[in-house]
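Structure, as structure tokens:
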Amino acid sequence: MLTLEKKRITKGISLIFLLIMAFIWIVPLLYTILSSFKSEADIQSSAFTILPINWVIGNYQDVLFANTSAPVAKWFMNSLIISVSQTVLVIVLVSLAGYGYSRMKFKGRDAIFIFLMATMMFPAVVNLIPLYKIIDTLGWVNNYMAAIVPGAAGVFNIFLVRQFMQGIPIDFDESARVDGASDFQIFTKLILPLIRPVLTVVALFTFTGSWNDFLWPSIVFNEVEKMPITPGLQLLQGMYALDVAHALTGALIAIVPTFILYLFTQKYFMESLSLSSGVKG
């Protein structure tokens with residue numbers, strides 16, 4: 001009886017904690033949504049209000065269509081092209097690399113993989129100058145390739161896919177080879193369907209990481225028309241004064257794709273938390 005009471009208390013405390021955390025996360029988002037329908041005068045007013053006094057949609061019209069110095073719609077499309085392209089490239093590269101490191105046998109395989117893992121100890125910021133020199137040499141400054149290619153082979157993604165593949169019994173491969181399947185057929189028809197959950201999560205992380213990246217795009221893009229949306233949003237602040245209404249509206253527009261992505265992929269995200277979830281039954 002005492003144990004049951006303790007469980008109820010623990011459950012109640014956990015529920016209260018989760019509600020507090022949800023409140024902390026939701027309130028700023030709710031304020032941003034409501035403020036995007038406020039005029040700049042209402043936001044700057046000393047009388048703080050949650051709901052708009054006068055509901056307006058002019059902020060969205062100004063940000064998307066009437067702001068020539070900060071073309072948010074163009075930035076949105078730039079980010080979409082960069083993020084989708086990088087995600088597709090990452091899925092191809094990390095799935096092949098994961099297959100090679102987990103299923104194929106070649107000299108120095110484990111040593112190379114350990115070396116790759118060791119590179120994760122270095123902060124990414126130390127690569128900025130040499131990486132920029134490479135991009136500049138290739139003539140990719142102000143080009144989509146500058147944002148797509150450098151992050152296409154993340155070591156953590158390779159590690160994640162390799163570990164997931166390690167949970168798939170090697171007997172599957174041997175049975176397929178007995179039936180006459182080649183390595184390519186084993187990879188495409190056997191392994192890929194089984195690792196779909198982890199590839200979905202890699203795609204999720206890659207897309208959101210590329211979409212939200214600020215530092216690197218700010219370095220390799222200096223033409224306003226070619227900027228992605230995240231570094232471009234700083235131009236909505238204005239040169240001499242912060243335009244809060246437009247800045248909040250732009251930020252809200254920027255989070256829509258990632259929100260939709262998480263909404264439709266949360267099932268696979270939860271499945272991937274277990275590296276053995278690729279094999280069922």
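Some values worked out for this structure:
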{"item": "Inter-label distance, nm, simple model (7 Å from Cα along the C-beta direction), A73/K267", "result": "3.5 nm"}
{"item": "Under the Karplus curve 6.51 cos²θ - 1.76 cosθ + 1.60, θ = phi - 60°, whole-Hz ³J(HN,Hα) for the range 129-143, x wherever Gly or Pro sits", "result": "5, x, 5, 5, 4, 5, 4, 5, 5, 6, x, 9, 5, 6, 10"}
{"item": "Net length gained if the chain between L15 and T119 were fully extended (0.36 nm per residue, minus Cα distance)", "result": "33.4 nm"}
{"item": "Solvent-accessible heavy-atom area per residue, rounded to whole Å², over the range 118-200 at 1.4 Å", "result": "57 Å²"}
{"item": "Spatially proximal lysines relative to K226 (Cα-Cα < 25 Å; intrachain offsets below 8 disregarded)", "result": "K74, K133"}
{"item": "Mean-position separation - Cα centroids, the range 149-199 and the range 1-77, in angstrom", "result": "41 Å"}
{"item": "Estimated FRET transfer efficiency when R0 is 45 angstrom, pair F184-L242 (beta carbons, to 0.05)", "result": "0.20"}
{"item": "Packing rank of 102-111, 50-59, where each peptide gets the mean count of other beta carbons within 10 Å, highest leading", "result": "50-59, 102-111"}
{"item": "Helix-derived mean residue ellipticity, 222 nm - over the chain, DSSP H n ≥ 4, -39500 (n - 2.57), to 500", "result": "-20000 deg cm²/dmol"}
{"item": "Length-normalised contact order for the chain - Cα pairs under 8 Å, 6+ apart - percent", "result": "30 percent"}
{"item": "Distance in nm between pseudo-label sites at S218 and A22 (7 Å out along the Cβ direction from Cα)", "result": "3.5 nm"}
{"item": "Of all accessible heavy-atom area on the chain, the percent that carbon and sulfur account for (1.4 Å)", "result": "70 percent"}
{"item": "Helix axis angle, 196-212 relative to the chain longest principal axis, alpha carbon, degrees", "result": "30 degrees"}
{"item": "Cα long-axis angle, helix 2-35 against the chain (0 to 90 degrees, to the nearest 10)", "result": "50 degrees"}
{"item": "Qualifying lysines (Cα of each under 25 Å from Cα of K189; at least 8 residues distant if same chain)", "result": "K105, K267, K280"}
{"item": "Å² per residue, accessible surface of the range 1-56 at 1.4 Å", "result": "83 Å²"}
{"item": "R0 of 45 Å, Cβ-Cβ distance Y31-Q166: FRET efficiency to nearest 0.05", "result": "0.50"}
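The values are calculated or read from the model by the stated rules, or taken from the named source; none is laboratory data. On a predicted model such as this, the values are computed, not experimentally measured, just so you know. FYI the Cβ positions are ideal-geometry reconstructions off the backbone, even for glycines, and counts take in every protein chain you see. Please note that ligands, DNA and RNA were not included when accessible areas were found on the heavy atoms of the full protein model with its side chains. Shrake-Rupley method; radii C 1.70, N 1.55, O 1.52, S 1.80 Å.
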